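Undergrad: Dropping the structure in here first, questions after.
The values are calculated or read from the model by the stated rules, or taken from the named source; none is laboratory data. Source: prediction; values computed, not measured. Backbone-built Cβ (ideal geometry, glycine too); neighbour counts: all protein chains shown.
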Amino acid sequence: MTAESKPAQPAPSDRVILCMKWGTKYGPEYVNRLYAMVRRHLKGEFRFVCLTDRSEGIRAEVQCLPIPALALPPGSPERGWTKLTTFEADLHGLQGTALFLDLDVVIVDDITPFFEVPGEFLIIHDWKRPWRITGNSSVYRFTLGAHADVLAKFRREFDAIRGQFRNEQAYLSDEMQRKGVLTYWDAAWCASYKYHCIPTWPSNYWREPVIPKGARILIFHGVMNPPDALAGRSNGNWRHARPATWIAQHWRE
């Protein structure tokens, strides 16, 4: 590939890290530690934005902005639908390339390549049922304002969409596939703590979880979060795990 044909890369000032915190499930320490992990593992400058309804205790380097209203009917199951508001046509005037990260991820290696790999929309390919197109939205990248139609359609047809799709990542993957822009990260980059770090039975009872080769971000889906993994709490998870003492080296300010 010649220099002229290489895809344009976002300037450091155009890189936005997005996260979202609503309610009380996650405290401000999750945002603060996520910022610190990004700062250690992303080369160059970036803007770190937390869309939130509670900014108390969040460090000053993080720009806290309101979560756009989704206007779900009262009592509707949330199921991650709020994440779709990242696709507002004008998200508080933010511009550039956004990398969305769930609050409970653990970054263990350089994430600069997440901004360098070509693609219009990138997401994790779900590990549990790889024959489906559904992505895991713990880590996804897009151009801010570029896919406002996805959010507009959800607001317009939310009853039908919520009847067809179980959660936001299923709907989002389907829409991006229809648009012809659905692309997945390198399979090694985003590893599931549950599936890839915990040793298989029965060695999980005496072997400590490990960081898989090539992993850059560890994803905590289900009932276990980083402090649970650190302490060896299964919280009812289907697989017992010993304490992952190395979590403390990464999940910190």
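Undergrad: Give the residue, chosen from ARG233, ARG207, that is loosely packed, with under 15 Cβ neighbours inside 10 Å, assigned to a loop (DSSP other than H, G, I, E, B) and not assigned by TED's automatic domain parsing to the domain that holds LEU103.
TA: Numbers: ARG233 fails: loosely packed, with under 15 Cβ neighbours inside 10 Å.
Answer to the check: ARG207.
Undergrad: Please work out if SER137 is of a type in the set (S, T, N, Q) and more than 17 Å from the chain's Cα centre (by Cα).
TA: On the way: of a type in the set (S, T, N, Q): yes; more than 17 Å from the chain's Cα centre (by Cα): no.
It is false that SER137 is of a type in the set (S, T, N, Q) and more than 17 Å from the chain's Cα centre (by Cα).
Undergrad: From PHE121, PHE154, which residue is crowded, with 19+ Cβ neighbours inside 10 Å and closer than 28 Å to TYR193 by Cβ? Lay out the reasoning, then the answer.
TA: Numbers: PHE154 fails: closer than 28 Å to TYR193 by Cβ.
Exactly one of PHE121, PHE154 is crowded, with 19+ Cβ neighbours inside 10 Å and closer than 28 Å to TYR193 by Cβ, namely PHE121.
Undergrad: Pick from region 174-196 the residues that are out of contact with any Phe, Trp or Tyr (no Cβ under 9 Å at 6 or more places or on another chain) and without any contact (Cβ under 8 Å) to a residue 60 or more places away in the chain: which of them is surrounded by the most Cβ atoms within 10 Å (Cβ to Cβ)?
TA: If we take residues in region 174-196 being out of contact with any Phe, Trp or Tyr (no Cβ under 9 Å at 6 or more places or on another chain) and without any contact (Cβ under 8 Å) to a residue 60 or more places away in the chain, then GLN177 is surrounded by the most Cβ atoms within 10 Å (Cβ to Cβ).
Undergrad: Can you tell me which condition ILE217 does not meet? The list is (1) modelled with pLDDT under 95; (2) under 25 Å from GLN95 (Cβ atoms); (3) outside the structural domain of PHE87 (by TED's automatic domain parsing), and all the others hold.
TA: (1)
Undergrad: Just to be sure, is PRO243 within 26 Å of TYR30 (Cα to Cα), out of contact with any Pro (no Cβ under 9 Å at 6 or more places or on another chain) and either basic (Lys, Arg) or surrounded by fewer than 19 Cβ atoms within 10 Å (Cβ to Cβ) (or both)? Before the answer, list the steps.
TA: On the way: within 26 Å of TYR30 (Cα to Cα): yes; out of contact with any Pro (no Cβ under 9 Å at 6 or more places or on another chain): no; either basic (Lys, Arg) or surrounded by fewer than 19 Cβ atoms within 10 Å (Cβ to Cβ) (or both): yes.
So PRO243 does not fit the description; no.
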